[in-house]
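Working notes, beginning with the structure itself.
Bear in mind that the values in this text are calculations on the coordinates, not laboratory data. Keep in mind the model is a prediction, meaning the values are calculated, not measured. Here Cβ is always computed from backbone atoms with ideal geometry, including for glycine, and neighbour counts include all displayed protein chains.
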Amino acid sequence: MFKIHMRLVPEKNEVRALDQEFEVDWVGDTPRLALSSEVQRGQVKTVSKRWSLGRDEDGSREETFSFDSDDLKDPLQSVVLKSGWTWRGVITGKL
């Protein structure tokens, strides 16, 4: 799971952003989410892709899933910067 926590600081026209990524697993007879021990905080760059065993018409592997954290962050940063605000990526501590 990937989250972007943002805090608006109006007196500085600033957005402070902290990324959080953690693994979740389905466990139990009645499936429920469980957090794994792998957690990242700060400025996280995540790219995940999954392919099937087959090939598409061009002979390339078929991509069945793709995720890039920049697909979430870039539009947010763009809106903040176009509005004249500053985007400040926070690594640790308080937002």
- Message: Straight-line reach only, C-alpha to C-alpha below 15 angstrom: list the aspartates and glutamates that LYS73 could link to, leaving out same-chain residues fewer than 8 apart.
- Response: ASP19, GLU21
- Item | Under 14 Å, Cβ to Cβ, from GLU63 - net charge with Lys/Arg +1 and Asp/Glu -1 | -1
- Task: Using all C-alpha to C-alpha distances in the stretch 41-88, build P(r) with 5 Å bins and read off the rounded percent in each one.
- Result: 5, 17, 17, 15, 12, 11, 9, 8, 5, 1
- Item | the stretch 73-82 - phi-based ³J(HN,Hα) in whole Hz, Karplus 6.51/-1.76/1.60, Gly and Pro as x | 6, 4, x, 5, 4, 4, 5, 4, 5, 5
- Query: So between GLU62 and THR86, what do we pick up on full extension, going 0.36 nm a residue minus the alpha carbon distance?
  - Reply: 4.7 nm
